Every structure is written in C-alpha cells, then in structure tokens.
Amino acid sequence: MNRFINRGAELQLIREALTNLLNKDHFARTPIIDFYGVEGIGKTSIIEKIQQECGNYKIRCIKTRADKDFLGDIISQAKQDKKLPPLPLENKDLLNQSVEITRALLGQESLVMLLDAVDTTNEEQVEQVETLLGDIIAYGKLFVVLTSRKSISFVKRRSVAHRLATIQLSLLDRGSCKDYLEHLEPPIEPAVREVIFSWTRGYPLAMNVMVEAIIEEGLNPRKIDDQKAILASLFEKVITGAVLARVKKDDIPWFLTVLSLLSVPRRCNLLIMQYLIERFEPELKMNNSLAYIVLPNSISQGTDVLHWDLAKAGFTVDAPVRNIFLLQLKIENPERYYRINKFLAEINWKSADEATGLDRVRYQQEYLYHSANSEDARYLPQILVTTVQQIIQEAEDTPDDLVQFQEEFMQDDELKELLGNDVSVVLSMISQKLAQKMHEEALREKDRTKRLRYLIGFFYYTAHDPDAKDVSGTLKEQLKHLIDTEDPVFVLQLYEELAHDDQFKRMLGEDFSPLFDLIRKNVSPEG
C-alpha cells in the first residue's frame, strides 16, 4: 500500500518513544518493540514510517534487514557518519565491530535502530540480535524496533528480555480499507470495494493483489470466471509467494492441503486435527495418534501461521491466511466446505457433552458456528432454531451455562457477523429461556436476597429479548404484581438495583422512566 493507514495506536507508541529520546533530562529505559504478524500484514510499512518519523524528529536512524548481512549493514551505515572518530575494528568479528561502532554513535547522540524481518526460526540470527542489543542498550539513548512473522522471545539476556514488548499487527478495519480504496486511481466502484473488503478482511497484501487484478487486468470479482482468476492470483502471490516462501517446493502441496483443512475450524486441538486429516485427507494419515503431536510445530516452522491461542484454548490459523483458504473452499468446492463444517459441528457437540464450565460453552459456541456453515445460507434461520434449541435443552439443569454462553456469544464478533440479522434469533431464544428460568426460580426462592437476584435477572433478560413484542407491557404487569404482593422495601431495592444498571436502562430506552414511575407513585419506604 502506498499510504500508511490504520496504525494509530502503533504510531502513537512510536512518537512517544521518539519524544523521550529527545528529552535531554529524561533517560527512559531503552524500549525494544517487536511488531509481528504474517507476511504482508504491514510490518515493513511500519519500519518505513518510523524511518520517516526519525527524519521529522531529526533523530539518527539505522535501518536494515535481519535476513541480509545486517551486522555488516549496521557497520556500513554507521561509518557514513562524518563525526564518528576512528575506531580499532580490524581484528574484531562483525558482531563486535557492530557493537563498538554503535556504542560510538550512542556516545554522540540518540539513535533509532530498525531491524526488519527477524527470522524466529533461525536461532543463530536471533542470538546475534540478542547479543548486539544486550551489549548496546546501556550506552546512551536508544530506541529499537524489530519485525518478525512470529513474536520474538529473548531468553539469554534478561536485560534485553525485560525491555521487549511484542505487538501483533492486526488486519485493517473496514473504515481504513474504505479510505484506502476510495482514493485509488482509476476509482473502483463501491460494490467492488465491498467485495475487496469481504474477500481480504483488511489483509494489506491480499488487498493489493486484488486491486492489481481489478485495475490492471480488468477482472471483476462479481463474475464467476473472474473470481477464480483473482483467487488463483491470491494463492500465487500471497499464499505460495509469501506465506510459503520458506517452504521447499516439493513440500508446498502438503502445506496447502493441511492448511486448507485446518483453516475451517476456528480452534482445534490435536485430536480434531487427527480426525480432520483421517476423514478428509486419509492419504496424509500419520502412523499413530502420537505422531500428530509434532504436526503443529511442523506447520509453524515452515509458515509461522499456526499458533496456540490462549483466548480460544486451541490452535488457530492466523486470520489473514485462514480467510483466503476459506474463500477458496467456499468458491471452488462449497459441498466439501459444508461437509467439513457439519463434521466439525458433530465433533464439537460431542465434546460439549463431555465437558463442563467454560470448556463446555466454547464447544457449544463452535457447534453453533459450524452448524451455521454446514448448509447453504438460505437454510440458516431453521438451522439456528434447531441448534439453539439443543443448546438450551442441554442447559436445562445448569442455567449458569446458558448465561455464560450468551455472554461469550455477545463477544464473538466473527460469529455475529456470520449470522447477520439472524443474530436476533439466537439472542431472543436464549433471553426468553433465561427470563423464564429466572421467573421460576424467583417464585420458588424463599431467601429474600436470592429472590431479588432472580427478579433482577428476569427484568434484564426480558428487556434483552430483541424480538419481544411488548417488553414494557410484560415488565409493567410484573411490577404491578410485585407492588401488590411484596413489602415496599423489597420493591424499592429492586428499583435501586435496576436504576443503577446502565445496560438495562439502555435496553429499555425511553420506556424506563414511565415504567418505573409505577414504583415511585405506588411505593414508599414507610409502606
């Protein structure tokens, strides 16, 4: 991309570090930042932007690439400084020469060192970088920025490890993509711009490939034949040309097959990997279950796109790459796409039945996701009804699981985007069930405090139902009943709790005040 976009947080961090370097009275501990992410996500653009900012701030900058002779390049760039005094470097190796000459520069003024394309699979290279930084970070004001495909971990120099911050570069958001695409020449029509975002999800390299195919080759992503041509270009230039650039030519077919398969689940463990391979790619079946233990590392070593996601508690293919493989599967072989998703839905449902707590909720969430992808989108509403009914039924005796499922669902942007307007189907069914359970428990509960909690839950989930016909009327009838049957202090407690719940008030909107006027007009603390 020609313009630096959607990196506001990163740019602010960079400018703060540069400002600290210029502050003569403030010696900040040398910051070391590693911006990491898949090939083509914008790491080199970050480096180039920092170099530009160094020019604006008039700070000396050394920029090089770790996959080249970076030590020799550091020495060469440093020697261009005419203020540098003569140094006895002849009898020292490149690493020691680069340390000595960098120290000499730091003795004069502040320095920014930019080291692009650090290969985390190259132990010798990482060790050289760590040693260099460990020997120079105490000599003057220094700001170091690294980039890598996978987050760097320094383990031999504690002084370096303590200063290191790793930041994963994310996909560009819709607004940034729109801004970039709107300023292209010749202009691209809005409908095609939307397809570009839909296909690439804001992956800069993929966007550039699509823009080139559309503008220079005249292809239209809304035409079936052109779709296949654009997809072929994406695989040639993004997947094979960039993501698999380090993979031996003979191994590329294996990586393409395995990554295509593992891109369908959003999270998977070793057992799911094994099931998928043995079911859909039996020729790749390994000798035994133990052999699959090395599979994630084999993929990561070659591509750096498969990692363990703590939040998802499973292995995941990086979103930029996963999106392209999913796109290919949906366009070129939709029936296989549906079959794999149906298979994964079954696996997750079985796993949910055997799990408890958050693990159970996660499996149910994936069951819903894969069920929604298991057939043509025309059948989605009916699929959702059936799927959510099963989830509700399984939580009949453990309503807390259903509460947690709803909370996790509300934070699952990918799943909500997939469901589109049908999100309301899920929310309505769950909210209705939870409101019913809360009302039933409130009627049975004798403990005053617990009964109050259940009633608050009833009001909250009733208001949360997006498809409810008359929320205000339903809650008004319940309030009238409580005013007639409960003591005034209890009713006022309910009012106090709900009045301080901002989310509840937002859900009710303008109905909140008229509804609770019932309490203010009919109840007083004295009774």
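We did not get these values from a lab; they are worked out from the coordinates using the rules stated. Quick caveat: nothing in here was measured; it's all calculated off a predicted structure. Don't worry about glycine lacking a Cβ; one is built from the backbone with ideal geometry, like all the others, and counts go over all protein chains shown.
Short-range pairs are left out: with C-alpha atoms under 8 Å and at least six residues apart, the relative contact order of the chain is 10 percent.
Could you tell me which of rounded, prolate or oblate describes the stretch 174-243, using a ≥ b ≥ c as the square roots of the eigenvalues of the alpha-carbon gyration tensor, with rounded for a/c under 1.5 and, failing that, prolate when a/b is larger than b/c and oblate otherwise? Please report the intermediate quantities before stating the final value.
Numbers: a/c = 1.71, a/b = 1.24, b/c = 1.38.
Note, shape of the stretch 174-243 comes out oblate.
Taken over the alpha carbons of the stretch 441-522 as equal point scatterers, the Debye sum produces base-10 log I(q)/I(0) values at 0.16, 0.19 Å⁻¹ of -0.57, -0.81. The trypsin sites (Lys or Arg not before Pro) of the stretch 245-314 that DSSP puts in a loop, and whose beta carbon has at most 16 other beta carbons within 10 Å, are ARG246, LYS248, LYS285, LYS312. If I fit a long axis through the Cα atoms of helix 448-463 and take the longest principal axis of the Cα atoms of the chain, what angle between them do I get, 0 to 90°, rounded to 10? Once rounded, one gets 70 degrees.
Across the stretch 8-168, the relative contact order, built from alpha-carbon pairs under 8 Å that are at least six residues apart, equals 36 percent. Output the 0 to 90 degree angle, nearest 10, between the alpha-carbon long axis of helix 471-485 and the longest principal axis computed from the alpha carbons of the chain. That helix lies at roughly 50 degrees to the long axis. Per-residue Karplus couplings for the stretch 10-20, computed as 6.51 cos²θ - 1.76 cosθ + 1.60 with θ equal to phi - 60°, are listed in order as 5, 5, 4, 4, 5, 5, 5, 5, 5, 4, 4 Hz, Gly and Pro entered as x. Backbone phi angles across the stretch 232-249, fed through the Karplus curve with coefficients 6.51, -1.76 and 1.60 (θ = phi - 60°), yield HN-Hα couplings of 4, 5, 4, 5, 5, 8, 9, 6, 5, x, 10, 4, 9, 4, 8, 7, 4, 3 Hz in residue order; Gly and Pro are listed as x. The distance separating the Cα centre of the stretch 54-77 from that of the stretch 209-270 comes to 33 Å. Please determine, in degrees from 0 to 90 and to the nearest 10, the orientation of helix 204-215 with respect to the longest principal axis defined by the Cα atoms of the chain, where the helix direction is its Cα long axis. The angle comes out at about 90 degrees.
The trypsin sites (Lys or Arg not before Pro) found in the stretch 407-471 that occupy coil by DSSP, while having at most 15 further C-beta atoms within 10 Å, are LYS446, LYS469.
Under the rule a/c < 1.5 gives rounded, and otherwise a/b versus b/c splits prolate from oblate, where does the stretch 334-392 land using the Cα gyration tensor? Mind showing how you got there, number by number?
Details: a/c = 2.94, a/b = 1.55, b/c = 1.89.
Note, shape of the stretch 334-392 comes out oblate.
Using helices alone, I'd like the mean residue ellipticity at 222 nm for the chain: each DSSP H run of four-plus residues gives -39500 (n - 2.57), total over residue count, nearest 500.
On the way: 25 runs with 313 residues, N = 527.
Taken over the chain, the calculation gives -18500 deg cm²/dmol.
Report, in listed order, any pair from LYS416/LYS476; LYS228/LYS330; LYS350/LYS450; LYS312/LYS342; LYS228/LYS342 with a Cα-Cα distance greater than 23 Å.
On the way: LYS416/LYS476 31 Å; LYS228/LYS330 11 Å; LYS350/LYS450 34 Å; LYS312/LYS342 20 Å; LYS228/LYS342 25 Å.
Beyond 23 Å between Cα atoms: LYS416/LYS476; LYS350/LYS450; LYS228/LYS342.
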